[in-house]
1. Under a Cβ-Cβ cut-off of 15 Å, what is the net charge of the residues other than Asp26 that fall near it, where Lys and Arg count +1 and Asp and Glu count -1?
2. Roughly what would the spin-label model give for Asp44 and Asp79, points 7 Å off Cα along C-beta, in nm?
3. Relative contact order, percent, of the chain when contacts are C-alpha pairs under 8 Å separated by at least 6 residues?
4. Taking Cα atoms, how many degrees apart are the long axis of helix 38-63 and the longest axis of the chain, rounded to 10 and kept between 0 and 90?
5. Which order do the peptides 59-68, 18-27 come out in when sorted by mean C-beta neighbours inside 10 angstrom, highest first?
6. Can you give the % of DSSP beta bridges in the chain that are antiparallel, to the nearest 5?
7. Express in nm, to one decimal, how much length is gained between Met65 and Glu29 on full extension, taking 0.36 nm for each residue of separation and deducting their alpha carbon distance.
8. Could you bin all the Cα-Cα distances of the chain into 5 Å bins starting at 0 and give me the percent of pairs in each, rounded to whole numbers?
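Values quoted throughout were computed directly from the atomic coordinates according to the rules given, and no laboratory measurement underlies them. Computed from a predicted structure; not experimentally measured. Cβ sites come from the backbone with ideal geometry, for glycine too, and all protein chains shown count toward neighbours.
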Amino acid sequence: MQGVPIRLEVGPRDMKSQQFVAVRRDTGEKLTIGEEQAETKLRDLLEEIHSNIYNRALRDLTSHMVAADTMEEFQKLLDTGKVSAIFLLY
């Protein structure tokens, strides 16, 4: 994801009730947050979004990672788009 991880929506009714809507860009979830809770809730949301994106990237990486035993197998894995590791001993 590029850009801002949380979109804040504030309308006239929200201003009157001293709240706003925060939309998570990683899940699309909408949360109504009161003005007095804004700092702590947004900080917690950012930490949760960071963790969510990191875990998703880690799962994606490990699902595409394969160990190769030979140089030929290594080349075949690279050609199929897998991330491969080969351990060479001299």
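1. +1
2. If labels sit at Asp44 and Asp79, their model points lie 5.3 nm apart.
3. Over the chain, the number comes to 17 percent.
4. 20 degrees
5. 18-27, 59-68
6. In the chain, approximately 70 percent of DSSP beta bridges are antiparallel ones.
7. Length gained between Met65 and Glu29: 9.9 nm.
8. 3, 12, 16, 13, 10, 8, 7, 7, 7, 6, 5, 3, 2, 1, 0
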